[in-house]
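Report on the following structure.
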Amino acid sequence: MAALAGLIVGAVAWFLLFYLVAGLYTVAPNERAVKTSFGRAMRLGNRTTLDDPISASLTDEEKERYRFPQLVVIPPGGPYFAWPWEKVHKVDVAVQTANMAYDPENPDANRQGTVLEAVTKDQLNTGLTGQIRYGVSERNIYAYLFGVKQPFVHVMGYFVSVLRERISDYEAPKKPVAAGSGAEEKGSIVINVSINDLRKNVSDLNDHMFRECQCSAARYGMVLDASLITGIDPPTEVESALAAINTAHNEVSSQISLAQASADQQIVQSKRAVEIQTLNAQAEVQPMLALASQLQELEKAGPDVLDAYVRSVRLGVVAKARQAVLEVGE
């Protein structure tokens, strides 16, 4: 009997040790956890990712493909308890950084994950360098754990495909021109080089990548927090030719700017000359207008007054003259 009692006590102790005590777990501050019971994840009723704003960027066809259930997410803390038939899945939700040229399936690709190649619209093979920030989406952990086999591989592939597509058809945004002015952008007669447009508008390219990759949370359960493209370089064999093109472009742009500045200066000078001549003409007209006004006042005073005024003025003129020509009657 004693041996049987000891066996029972040992079995109970073993059960408590390996099933109850071992069922306790904690969740770190940078982690989130979900539980599965007999392989089925604990869900929030019938809610899916389509009920969450993260799916707003998906098309109607994509919403049918990327419909994932919403799960009960266990926040940091503990201790928590899981029954033997339950399994705890923990994920790290901290934001991480990776080189945008990194290939998870082939680390030696893209020059050992340092430079990503892309072709521009004028068939120039460029090398891109930069980083991306990513993390697991708490609002779609199901896709990260169960919906996609290798979510990070999918995210990197999606990012690279979107970036290469953007590079291949990129055009610099047009500068606004006043409506009806008929003016064109300065330097428009020079053929633009796509890599120059890309270098001048890196922030626009980064913003585009951020907008296009917002759907990654709904697709793969991972968030692309930001992308930072730091370098866009042409192949070394065409770098000298590109430098010559840029030099010529800068010289032509400089000549155009000087010509426009000279034209603007001449226009301003012409306007000023017209203003001066107008003022001179007004200055000559004003005394005549004043004299006409005085003569009208004298005429109102009577015909004799106006004749006397004319006679007085005539005498003054004759007094100043050196010679006088008089008309003699026949």
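The values are calculated or read from the model by the stated rules, or taken from the named source; none is laboratory data. The structure presented is a predicted model; accordingly, all values stated were derived computationally and were not measured. Note: ideal-geometry Cβ built from the backbone for every residue, glycine included; neighbour counts use all protein chains shown.
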Checking Q269, Q286 in turn, the sole residue that is more than 30 Å from Y309 (Cα to Cα) and out of contact with any Ser or Thr (no Cβ under 7 Å at 6 or more places or on another chain) turns out to be Q269
In segment 85-128, residues that are touching a residue at least 24 places away in the same chain (Cβ under 8 Å), under 30 Å from the mean Cα position of the chain (by Cα) and under 24 Å from Y220 (Cβ atoms) total 15
If we keep only residues of segment 42-72 that are part of a strand (DSSP E or B) and either surrounded by 14 or more Cβ atoms within 10 Å (Cβ to Cβ) or not basic (K, R) (or both), then the residue modelled with the lowest pLDDT is G45
Notebook entry, point to check: Scanning for something aliphatic (A, V, I, L, M), farther than 15 Å from I229 by Cα and buried (at least 19 other Cβ atoms within 10 Å of the Cβ), does segment 158-170 turn up at least one residue?
Noted result: no
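Residue-by-condition table, conditions (1) outside any strand (DSSP E or B); (2) in contact with a helix residue (DSSP H, G or I) (Cβ under 6 Å, 6 or more places away or on another chain); (3) outside the structural domain of L44 (by TED's automatic domain parsing):
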| site | (1), (2), (3) |
| --- | --- |
| P84 | yes, yes, no |
| K87 | no, no, no |
| Q112 | yes, no, no |
| G127 | no, no, no |
| Y134 | no, no, no |
| R139 | yes, yes, no |
| query | Got at least one residue in segment 148-168 being β-branched (V, I, T) and at pLDDT below 85? | reply | yes
The number of residues in segment 89-134 that are in contact with a Ser or Thr (Cβ under 7 Å, 6 or more places away or on another chain), surrounded by fewer than 14 Cβ atoms within 10 Å (Cβ to Cβ) and on the phi > 0 side of the Ramachandran plot is 0
